[in-house]
1. Give just the number: which of (1) under 20 Å from Y3 (Cβ atoms); (2) surrounded by 15 or more Cβ atoms within 10 Å (Cβ to Cβ) does S76 not satisfy?
2. Taking the range 66-80 as the search range and keeping residues that are among the aromatic types (F, W, Y) and out of contact with any Asp or Glu (no Cβ under 8 Å at 6 or more places or on another chain), which one is farthest from D45 (Cα to Cα)?
3. Six or more apart or on different chains, Cβ under 9 Å: which pairs go from a residue in the range 108-126 that's more than 16 Å from D80 (Cα to Cα) and in contact (Cβ under 8 Å) with a residue 60 or more places away in the chain to one that's assigned to a helix (DSSP H, G or I) and among the polar types (S, T, N, Q)? Could you list them?
4. Considering every residue within the range 21-28, establish whether at least one is of a type in the set (F, W, Y) and assigned to a helix (DSSP H, G or I).
5. For the range 19-38, indicate whether the set of residues that are within 24 Å of D136 (Cβ to Cβ) and among the hydroxyl-bearing types (S, T, Y) is non-empty.
6. Within the range 27-55, count every residue that is surrounded by 12 or more Cβ atoms within 10 Å (Cβ to Cβ) and in contact (Cβ under 8 Å) with a residue 24 or more places away in the chain.
7. Does E9 count as surrounded by fewer than 18 Cβ atoms within 10 Å (Cβ to Cβ) and under 28 Å from E145 (Cβ atoms)?
8. Could you check the range 27-64 and list, in sequence order, the residues that are closer than 20 Å to E145 by Cα and aromatic (F, W, Y)?
Amino acid sequence: MDYTIRKGEEKDFEQVLGLIKELALFEKAPKKVSNTVEQMKKEKDFFKLLVAEKPGGEIIGFALFYFVYYTWVGKSLYLDDLYVKEAYRGNKIGSALLDRVIDFGKQNHVKRIRWQVLNWNTPAIEFYKKLGANLDDEWINCDLEE
């Protein structure tokens, strides 16, 4: 499978937002996505984006992450989304994207990279376990919406 991992750009936001909506559908929450391309453009300084792109420009996967600070360990990254289109899974694209996030973390001397996975997403859980990630079933998400 021929693809390139590269830094995402503003021109990619429309395709990436489409993938975000696909991910939300997969996660059984399609109506929760309120983000827009315009909002992403306004807020682009708040996140880092990597895309997996096929020759011809189709984006088939992405990783979106940003810096955070955890009091227990210090400077860290939060991987908000890692997604590969279903038709392209099994080609190590997710691994390549995650490897690039890890490389970015190493270059920037972060102490931790954190992300979430739904407890029913067995393929993702197995993928993360193979990487050596610690899966914590003790903590509960807390969100305050607007």
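Since every read-out is calculated from the coordinates, none of them should be taken as a lab result. Everything numeric here is computed off the predicted structure, so don't read it as measured data. Methodologically, a virtual Cβ is constructed for each residue, glycine included, from the backbone with ideal geometry; neighbour enumeration extends over all protein chains shown.
1. Tallying (1) under 20 Å from Y3 (Cβ atoms); (2) surrounded by 15 or more Cβ atoms within 10 Å (Cβ to Cβ), S76 fails exactly one: (1).
2. Here is the first cut: in the range 66-80, the residues among the aromatic types (F, W, Y) are 66-67, 69-70, 72, 78.
This time we only want the ones that are out of contact with any Asp or Glu (no Cβ under 8 Å at 6 or more places or on another chain), so: 67, 69-70, 72, 78.
Details: F67: 11, Y69: 17, Y70: 20, W72: 25, Y78: 15 Å.
Per the stated criteria, the residue is W72.
3. Once the first residue is more than 16 Å from D80 (Cα to Cα) and in contact (Cβ under 8 Å) with a residue 60 or more places away in the chain and sits in the range 108-126, no partner that is assigned to a helix (DSSP H, G or I) and among the polar types (S, T, N, Q) comes close enough.
4. Scanning the range 21-28, I find at least one residue that is of a type in the set (F, W, Y) and assigned to a helix (DSSP H, G or I), so the answer is yes.
5. Scanning the range 19-38, I find no residue that is within 24 Å of D136 (Cβ to Cβ) and among the hydroxyl-bearing types (S, T, Y), so the answer is no.
6. 12
7. It is false that E9 is surrounded by fewer than 18 Cβ atoms within 10 Å (Cβ to Cβ) and under 28 Å from E145 (Cβ atoms).
8. F46, F47
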